[in-house]
1. How long are the three semi-axes of the equivalent ellipsoid of the chain, in whole Å, if each is the root of 5 times an eigenvalue of the C-alpha gyration tensor, listed from largest down?
2. Points 7 angstrom from Cα along the Cβ direction at Ser127 and Lys97: gap in nanometres?
3. Arg111: net charge of surrounding residues, Cβ under 10 Å, Lys/Arg +1, Asp/Glu -1, itself excluded?
4. Can you give the charge dipole size of the chain about its Cα centre, rounded to the nearest 20 debye, using +1 on the beta carbon of Lys and Arg and -1 on the beta carbon of Asp and Glu?
5. Going by a 4.7 Å Cβ-Cβ cut-off, which cysteines of the chain have no partner at all?
6. Quick one: if you stick a label point 7 Å off each Cα along the C-beta vector at Lys120 and Ile75, how many nm between them?
7. Quick check on the chain: helices-only [θ] at 222 nm, where DSSP H runs of length 4 and up contribute -39,500 (n - 2.57) each and the sum goes over total residues. Nearest 500, please.
8. Given a 1.4 angstrom probe, what's the average accessible area per residue across the chain, in square angstrom?
Amino acid sequence: EEFNLNYVVNFLKRKNKDIKSFLLDQTFVSGIGNIYACEILFASKINPFKKARRLSKKECLNIILNSKKILKQSINSGGSSIRDFKDISGNLGSFQKEFKVYQKDGANCVRLNCNSIIKKKIKSNRSTFFCVSCQK
């Protein structure tokens, strides 16, 4: 509940880092890793390298809503098993089957009427996957 529009707008309003860096920053919001940051920003149609202070209130709200939605979907799917992740019962997660951009470098964008491909860019040893057409 504390991850709301007022909190996000006030936290980001003077920050010069890109929004993906903030989503990975556990002092801003906890629980979002690299996979989920990419998926949240794709769902929100926001370029991961956009400066956080340049986000509109609507974009901030989209990030909040999509963060909650995607994390809930991932939990319900048992998480993402990319290499060796297993839950405490030893079961593999299946959220990786729902990825729209993560590890989709070179694939066609899944959005209707988008003819672009997913790109991968490495920054600070982290891979970022995004659609150059959909994510502005």
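The values are calculated or read from the model by the stated rules, or taken from the named source; none is laboratory data. Here the structure is a predicted model, which is why all the values come from computation and not from measurement. Virtual Cβ from ideal backbone geometry, glycine too; neighbours counted across all protein chains shown. Protein only, heavy atoms only, side chains kept; ligands, DNA and RNA dropped before computing areas. Shrake-Rupley method; radii C 1.70, N 1.55, O 1.52, S 1.80 Å.
1. Gyration-tensor ellipsoid for the chain: 23, 19, 13 Å.
2. 2.1
3. My count for the surroundings of Arg111 gives +2.
4. Here the chain has a charge dipole of around 740 debye.
5. For the chain, the answer is Cys38, Cys60, because their Cβ atoms have no other cysteine Cβ under 4.7 Å.
6. Reported label-point gap for Lys120 and Ile75 is 3.0 nm.
7. Only helices count here, giving -10000 deg cm²/dmol.
8. On a per-residue basis, the chain sits at 60 Å².
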